[in-house]
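Here is the structure we will look at, set down as structure tokens.
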Amino acid sequence: MDKNLIDLEAVSTKQIDKIIKKAKKIMQSPADFRHACDGKILATLFYEPSTRTQMSFQTAMLKLGGRTIGFDNPMNSSVSKGENLKDTITIVGGYADIIAIRHPIEGTAKAASLYAGVPVVNCGDGGHLHPTQTLTDLVTLSCEKGRLDNLKIGVCGDLLNGRTVHSLIKTLSKYENNSFVLISTEELSVPLYVIDILEKNGCKYEISHSLADSISDLDMLYMTRIQRERFKSEEDYRAQKNVFVLDREKLNKAKDDMIILHPLPRVNEITVDIDDDPRALYFKQAQYGMYGRMALILLLLQDEDFMIDNKTPQICEHRCKNPKCITQQEEYLPNLSYKKMGMQMCEFCDKRID
């Protein structure tokens, strides 16, 4: 048990409900929390570009009365001189009370938590996970739909590399009677480990290659962009670009109370004429995210009972071979694993270790 938010899978539904309840309380009476984090410092270490997540965390801490330090470009730090992750995190952990980190390599947040000495929050690690975006989505769902269960959820776009999608599916699969429609091309279908979680939790799911054919009975449509930065070549990216676009014609087939969410940034997967539709909540969703992060900061820093069940991993003999795993870049990291269905899985990136 510790204070690190690496993966929402380690957070119970009771804890999620506690975060949402706290977020709603802050929304109702923001003045009551203006000095809640006086004297506290948040470090935002963003090795990868961000607008909403970084500014949302910084704004959340400032609204709580705290201060922020950090960088939004590793080339402006000693990383540009070759400093490894361990040294950076150890130093920053001595300056700050809590660290929010984003990195293009899978498993980095977990690796950072080994050396920080203060709570570490995963703000996105490559195409792996993005738990605080999922908190944003859950606060939005709770406020706008009034529930987190009995929902038919469509997720559309880059489901292979979409870390927001992975976190969302994993978390909402914990709630009763949720079902999923996974809408993507074959090349960008959701990873098998996410399918395993759906099946383990007894969730109904279907795979679709057509947004128009799948939209009519959804309670929520979660659109995502095709992530250019995750492709090996521009040619591969262009082959997937514009395959799924939510336009007025498709939206006319949806239910009147369906809501549209998007982690943003939007590229061209939602046409701008939909922005004024009452079902389009992606801009309001970003505002909800700030309150969710305010609640999370408060619980991690002030609630001694709010401990996250990040189970102790095992030391294993073999090294993870996933080329996108942080263990391939930071060679000093231990070989950590956990067992799943008789297989050894990498503690950092959740890929199978052969």
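The values are calculated or read from the model by the stated rules, or taken from the named source; none is laboratory data. Keep in mind that what you see is a predicted model, and the values were worked out from it rather than measured. Cβ coordinates were reconstructed from backbone atoms using ideal geometry, including for glycine residues, and neighbour counts include every protein chain displayed. Note: accessible area is taken over every heavy atom of the protein model, side chains too, but ligands, DNA and RNA are not part of it. Shrake-Rupley method; radii C 1.70, N 1.55, O 1.52, S 1.80 Å.
Taking first residues from segment 298-316 that are free of Cβ contacts under 8 Å to residues at least 60 places away in the same chain and assigned to a loop (DSSP other than H, G, I, E, B) and partners that are among the aliphatic types (A, V, I, L, M) and surrounded by 11 or more Cβ atoms within 10 Å (Cβ to Cβ), the Cβ contacts under 8 Å between residues at least 6 apart in sequence or on separate chains come to PRO313/LEU336; CYS316/LEU336; CYS316/ILE353.
Filtered by the rule that a residue be out of contact with any Phe, Trp or Tyr (no Cβ under 8 Å at 6 or more places or on another chain) and among the charged types (D, E, K, R), segment 28-74 gives ASP32, ARG34, ASP38, LYS40, GLU48, ARG52, ARG67. Residues that are of a type in the set (S, T, N, Q) and over 14 Å from TYR193 (Cβ atoms) were ranked within segment 317-336; the one that is least open to solvent (accessible area, probe 1.4 Å) is THR327. Annotation note: of LYS174, LYS204, the sole residue that is in contact with a helix residue (DSSP H, G or I) (Cβ under 7 Å, 6 or more places away or on another chain), modelled with pLDDT of 90 or more and more than 19 Å from ILE259 (Cβ to Cβ) is LYS174.
Cβ-Cβ contacts under 6 Å between residues 6 or more apart (or on different chains), taken from a first residue in segment 97-108 that is at positive phi and buried (at least 24 other Cβ atoms within 10 Å of the Cβ) to a second residue that is modelled with pLDDT of 95 or more and outside any loop (DSSP other than H, G, I, E, B), are listed as GLY107/CYS325; GLY107/ILE326.
Restricting segment 172-199 to residues that are assigned to a helix (DSSP H, G or I) and in contact with an Asp or Glu (Cβ under 7 Å, 6 or more places away or on another chain), the residue that is most open to solvent (accessible area, probe 1.4 Å) is TYR193.
Residue-level analysis places CYS156 outside the set of residues that are surrounded by fewer than 18 Cβ atoms within 10 Å (Cβ to Cβ), of a type in the set (A, V, I, L, M, F, W, C) and either modelled with pLDDT of 95 or more or closer than 21 Å to VAL267 by Cα (or both).
Examine segment 249-259 for a residue that is part of a helix (DSSP H, G or I), surrounded by 14 or more Cβ atoms within 10 Å (Cβ to Cβ) and not aliphatic (A, V, I, L, M), and state whether such a residue exists. Quick ask: steps written out before the conclusion?
Taking segment 249-259 as the starting set, the residues that turn out to be part of a helix (DSSP H, G or I) are 249-251.
Subsequent filtering for residues that are surrounded by 14 or more Cβ atoms within 10 Å (Cβ to Cβ) retains 250-251.
Adding the requirement that they be not aliphatic (A, V, I, L, M) leaves 250.
Yes, that holds for at least one residue.
From the list THR90, THR51, the one residue that fits, being closer than 20 Å to LEU264 by Cα, open to solvent by 30 Å² or more (accessible area, probe 1.4 Å), out of contact with any strand residue (DSSP E or B) (no Cβ under 7 Å at 6 or more places or on another chain) and not charged (D, E, K, R), is THR51.
Has segment 121-128 got at least one residue that is within 17 Å of the chain's Cα centre (by Cα), among the charged types (D, E, K, R), crowded, with 22+ Cβ neighbours inside 10 Å and part of a helix (DSSP H, G or I)? No: zero hits. When THR13 is tested against (1) buried (at least 17 other Cβ atoms within 10 Å of the Cβ); (2) within 21 Å of LYS170 (Cβ to Cβ), only condition (1) is not met. The lone criterion from (1) modelled with pLDDT of 95 or more; (2) open to solvent by 50 Å² or more (accessible area, probe 1.4 Å) left unmet by SER80 is number (1).
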